[in-house]
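What follows is calculated from the coordinates using simple rules that are stated; it is not laboratory data. The structure presented is a predicted model; accordingly, all values stated were derived computationally and were not measured. Cβ placement follows ideal geometry from the backbone for every residue including glycine, while neighbour counts extend to all protein chains displayed.
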Amino acid sequence: MARFEPVLLRNVGVAGVRRLETYRARGGYAAAAKALRRMTPEQVVEEVKRSNVRGRGGAGFPAGVKWSFLPADRKITYLCVNFDESEPGTFNNRYIVDHDPHQLLEGILIAGYATRATVAYIYIRVEFHETFHILQKALDEAYAAGLFGKRAFESSYALDCHIHRGAGAYVCGEETGLIESLEGKRGWPRIKPPFPAIKGLFGQPTVVNNVETLCCLPHIIDRGEAWFRSMGTPGSTGPKLYTISGPVNRPGCFEAPLGLTVRELIYGDDFGRGMIDDKKVKGVIPGGLSVGILTGDELDCKLDFDDPAEYGLLGLGTAGVIVINEDTDIRKVLLNVTRFYAHESCGQCTQCREGTAWMYKIAKRIAAGAARNEDLDILIENSHNMGMMPGMSICGLPDGAVYPIRTIVEKFRSEFEEHIRRQVPAAVEQTLRRINPAVYEMPIAGRKG
Ligand SMILES: Cc1cc2nc3c(=O)[nH]c(=O)nc-3n(C[C@H](O)[C@H](O)[C@H](O)COP(=O)(O)O)c2cc1C
Ligand code: SF4
């Protein structure tokens, strides 16, 4: 692959670039000035639409199209910046803001202008203490320079911007959970419709965009939509930040056009540089946890918005890649996955609250060496009965739960079965009673004996 000139990470490693002066000296805020002085909001929306930049937060919805759902006669518009970044394995938003906070602020100015927002709220995950202070300092500087709060760049546009720290719940990354939380309530996702574009924050038309999506905007305005579209694959345009963690030689956050393969990311010299001790890859969770798992034989999967579905995955997700090596017990992977979703379900919808909890209980049984083959069938059956896709839930959390659970069980079934074959019946009985007597006593459809 030809060497890629970084776009979103172009300022990483540049001394002092968190300061406004240095960011500006490197061409920063020129795109915002161009948009505010020389383009109408409609022209900015059109340019962003033509670039086909799709949301980097997980769902991949085209940003310009989302903005055009705002009612034309609206009086107030809010912009919510989704910096909750709680998806396991994902740290690209934090990486970008830690190194280059003004890039995000410039993106916010452009998005705010395009959508005619008067106030922007950055909803940041509470655990990002240092990042919060970096961003607040940058925002203070931008305010002092008259970029926020006043008419910026001698234009007629003024945007206020506030940073709001969340309280550490995964579900607050879901856009309506985020809005509820911003309003000071428990972060419970809302039933849709109405979608936030019509009725969002404080009942007003609202746009919610991810940090990385917004960071693409200065580059689209500066270099043009055609340049942006020249990168990536036809339905997946532009640069992308990929994070990689697990037993690789060089974990971290890297940039490449959309469509990089998982194999390139793990083994490429510019990326992960291979597996520690040359271990074999057992599996890869390629898009944050919620998209599902690839086996070691599926590393040619392209990380774009289309290819993951060919491998039975939910989508690209966040492109936060977690690598698992041959030494890892797949039962422990399943245990971790189920524990996460059972803990994070907000509890409003029965199938999500109960389903994630039951799946965790079954995974505990499997990990304790007391499983039955039908446990694997129950997990798969449950996975088809939960989530927004079968129309059962308010938000997409259970869809994100069932993809990893189903693909782990289906793709590694023979390994689970091998563990079950080796179990000693008397020990199984004892373990079952010890770890979860309630589960054991309960009649389960199809249970034998
Ligand atoms: C359970 C759940 C958690 C989510 N967490 C995040 C998150 O941490 N950050 C994010 O940008 N989007 C997250 N999303 C997606 C948002 O709902 C929304 O689609 C996104 O912020 C829109 O921004 P984008 O179009 O720029 O991607 C989550 C969705 C669900 C269902
Ligand atoms: S689907 Fe789950 S997380 Fe989403 S609102 Fe319902 S209970 Fe809460």
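Taking each residue as 0.36 nm, the span from residue 354 to residue 329 lengthens on full extension beyond its C-alpha to C-alpha distance by 6.4 nm.
Within straight-line reach of residue 150, meaning a Cα separation under 16 Å, sit the following aspartates and glutamates at least 8 residues removed in sequence or on another chain: 106, 140, 141, 160. The label point for residue 273 and the one for residue 429, both projected 7 Å from the Cα toward the Cβ, are 5.5 nm apart. Give the long-range amide H neighbours of residue 260: residues separated by 5 or more places, or on another chain, with amide H under 5 Å away, using H modelled in the peptide plane at 1.01 Å from N. For residue 260, whose amide H was placed from the backbone, the distant partners under 5 Å are 303. Which angle from 0 to 90°, rounded to the nearest 10, does the C-alpha axis of helix 397-411 make with the longest principal axis of the chain? Once rounded, the angle reads 50 degrees.
Could you please report the charge total around residue 97, scoring K, R as +1 and D, E as -1 over all other residues with beta-carbon less than 13 angstrom from its beta-carbon? My count for the surroundings of residue 97 gives -3. For the chain, a Gaussian network of Cα nodes joined below 10 Å ranks 351, 136, 430 by mean-square fluctuation, and the top entry is 430.
Compared with the dominant Cα axis of the chain, that is its longest principal axis, helix 129-144 is turned about 10°. Of all beta bridges that DSSP places with both ends in the chain, some 50 percent have antiparallel geometry. Comparing mean-square fluctuations of 18, 434, 372 from a GNM of the chain with C-alpha springs under 10 Å, the top value falls on 434.
The residue 150 and residue 249 beta-carbon pair, evaluated with R₀ = 41 Å, returns a calculated FRET efficiency of approximately 0.25.
Under the convention that each Lys and Arg Cβ holds +1 and each Asp and Glu Cβ holds -1, the size of the dipole of the chain around its Cα centre is about 780 debye. Axis of helix 101-115 versus longest Cα principal axis of the chain: the two differ by about 80°, to the nearest ten degrees.
Placing pseudo-labels 7 Å out from each Cα toward the beta carbon at residue 186 and residue 42 gives an inter-label distance of 4.6 nm. Across the stretch 225-236, computed HN-Hα scalar couplings (Karplus, 6.51 cos²θ - 1.76 cosθ + 1.60, θ = phi - 60°) run 5, 5, 4, 5, 6, 6, 9, x, 10, x, x, 9 Hz from first to last residue, x flagging Gly and Pro.
Of all lysines in the structure, the ones whose alpha carbon falls short of 16 Å from that of residue 364, not counting any fewer than 8 places away in one chain, are 332. Computed per residue of the chain from DSSP H runs no shorter than four, each worth -39500 (n - 2.57), the mean residue ellipticity at 222 nm is -12500 deg cm²/dmol.
Summing Cβ point charges (Lys, Arg +1; Asp, Glu -1) relative to the Cα centre of the stretch 4-88 gives a dipole of roughly 340 debye.
The relative contact order of the stretch 20-229, computed from alpha carbon pairs under 8 Å that lie at least 6 residues apart in sequence, is 32 percent. With contacts taken as Cα pairs under 8 Å and at least 6 residues apart, the chain reaches a relative contact order of 15 percent. For the stretch 280-434, averaging the sequence separation of C-alpha pairs within contact (under 8 Å, six or more residues apart) and dividing by the residue count gives a relative contact order of 25 percent. Computed from backbone phi with θ = phi - 60° and the Karplus coefficients 6.51, -1.76 and 1.60, the 3J(HN,Hα) list for the stretch 307-314 is 4, x, 4, 5, 9, x, 9, 6 Hz; x is used for glycine and proline. Which one, 401, 117, 367, has the greatest fluctuation when you compute a Gaussian network model over the chain with C-alpha springs under 10 angstrom? Sorting by GNM fluctuation, first place goes to 367. Basic side chains Lys and Arg get +1 at the Cβ, acidic Asp and Glu get -1 at the Cβ, and with that the dipole of the stretch 330-441 about its Cα centre reaches some 400 debye. If R₀ is 35 angstrom, what is the calculated FRET efficiency for the pair residue 263 and residue 389, using the beta carbon separation as r and rounding to 0.05? Efficiency computed from Cβ-Cβ geometry: 0.75.
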